[in-house]
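Every read-out reported here was derived from the displayed coordinates using simple, explicitly stated rules and does not represent laboratory data. These numbers come from a predicted model, not from an experiment. Every residue, glycine among them, receives a Cβ derived from its backbone with ideal geometry; neighbour counts consider all protein chains shown.
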Amino acid sequence: MNTGIESGQDERVALLIPVYNDQKGLEVSLSQLPSEVPLDVIVVDDGSSPPIVLPHLRRPHRGFLLRLEQNQGIEYALNHGLKWIMERNYTFVARLDAGDISLPGRFWKQKKFLEENPAYALVGGQVEFVDDEGREVFPESFPTEYQAILRSLHGRNCFIHSAIMFRTEALKEVGLYSSHYPAAEDYDLFFRMAKRYPVANLEDRVLRYHVNPSGISLQKRRKQLWSRLRILLREFVPQYKESWLGLAKNALLLALPVPLVTRFKRLLKGRRGWL
C-alpha cells in the first residue's frame, strides 16, 4: 500500500463540470456553491447548441470555460478538462454535474480529509437523492471505510461521481477516464484507484443529487450494463459473494424487459443501489 501521495502547492480546488445542453442545470449548480474553499470552476462545454455561457461566480471562486466544437461524449470532455487541470498543477480535483447541489461544508470537509490522510487518493460522501420538487426520493448509504468499499465495489459502485474529490497525483498513476466502458467510466476509474490507493466516503451528506424522472435512455442504459459487466468480469474474485451478486444483478437487468425493470424500480422506490 502506498504510504503517501505528494501534494502540490496550489490551495485552490479545481471543480470539474462537463456540460452538454444544460445551461439551466449549470446555473442552478453554480448559484449554490459553498464558499468555504476557493474553487477554480472548470466548465467543459461538450459541443452544446446553443453554446454554454459561464455564469458569474461569486467570490472567492473563479470560472474557466473550455469549449469543444463538437459533442465528444462525457469521457472525452472529462479528460479534456483533467488535462487542462493537471497542466496547471492543481493538487485536488472535485467533480460536479449540472443540476446537482454541493451542500455547505462539502469542499472543506473533503479537502481536510485528504490533507489529514495523505495516503488516501479519493473521498466521496453520503448523498441526498431528490426529485424535481426537491423531495427526497429514496434513502441510500455508502460504505465509509476503505476495506468495506474495496469489497463492495465488486458488486456495485460505492461513489456518486458528482460527489467526489481526488488527488491529481493519484490520477497520474492510474490514468484518466477510459473510453472502453461507455456510461460506466466513473466505476472503472474508482475501481482502478481503489486497487492502487486507499479511498473513503465521509459519513456526512455532501451533495443533493437530482434524480431525472425519465432516467437515462434505453440505449445508454444497456451500454452502462454491458460496461459494468465487463468491469465486474475483469475484477472478478470467486471468493467474494459481491462478485457473484454483481454479475447476477447486471445480467438479469440486461435480460429483463424494460417495462418489468421499470415496475421493479417503482416497487423499490428507485433505490439506485439495486437497479
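Structure above, values below:
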{"read-out": "Electrostatic dipole magnitude of the chain [Cβ: Lys, Arg +1; Asp, Glu -1; Cα centre; debye, to 20]", "value": "920 debye"}
{"read-out": "In sequence order, calculated HN-Hα J values of the range 82-97 (Karplus, 6.51, -1.76, 1.60; Hz; x Gly/Pro)", "value": "5, 5, 4, 5, 5, 5, 9, 6, 5, 7, 10, 10, 10, 10, 7, 10"}
{"read-out": "Residues with amide H under 5 Å from that of residue 96, placed H, sequence gap 5 or more", "value": "16"}
{"read-out": "Listed residue (171, 120, 240) projecting farthest to the positive dipole end of the chain, Cβ model", "value": "240"}
{"read-out": "Sequence ranges 131-142, 102-113, ranked by mean other-Cβ count within 10 angstrom, highest first", "value": "102-113, 131-142"}
{"read-out": "Kirkwood-based Rg to Rh ratio, the chain, C-alpha trace", "value": "0.94"}
{"read-out": "Value at 222 nm in deg cm²/dmol, rounded to 500, when DSSP H runs of n ≥ 4 in the chain each add -39,500 (n - 2.57)", "value": "-11500 deg cm²/dmol"}
{"read-out": "Estimated vicinal HN-Hα couplings, Hz - the range 231-242 in sequence order (Karplus 6.51, -1.76, 1.60; Gly, Pro = x)", "value": "5, 5, 5, 4, 9, 4, 10, x, 6, 9, 5, 4"}
{"read-out": "Within-9-Å neighbourhood charge of residue 242 [Cβ basis; K, R +1; D, E -1]", "value": "+3"}
{"read-out": "Distance histogram for the range 178-256 (every C-alpha pair counted, 5 angstrom bins, percent rounded to whole numbers)", "value": "3, 13, 17, 22, 21, 16, 7, 1"}
{"read-out": "q = 0.11, 0.20, 0.25 Å⁻¹, the range 12-89: log10 I(q)/I(0) [Debye, one scatterer per Cα]", "value": "-0.26, -0.84, -1.22"}
{"read-out": "Computed over the range 11-140, the ratio Rg/Rh where both radii use C-alpha atoms and Rh is Kirkwood", "value": "0.96"}
{"read-out": "Coordinate range along principal axes, alpha carbons of the range 85-135, Å, largest first", "value": "39, 25, 15"}
{"read-out": "With eigenvalues of the C-alpha gyration tensor scaled by 5 and rooted, the range 51-200, Å", "value": "23, 20, 18"}
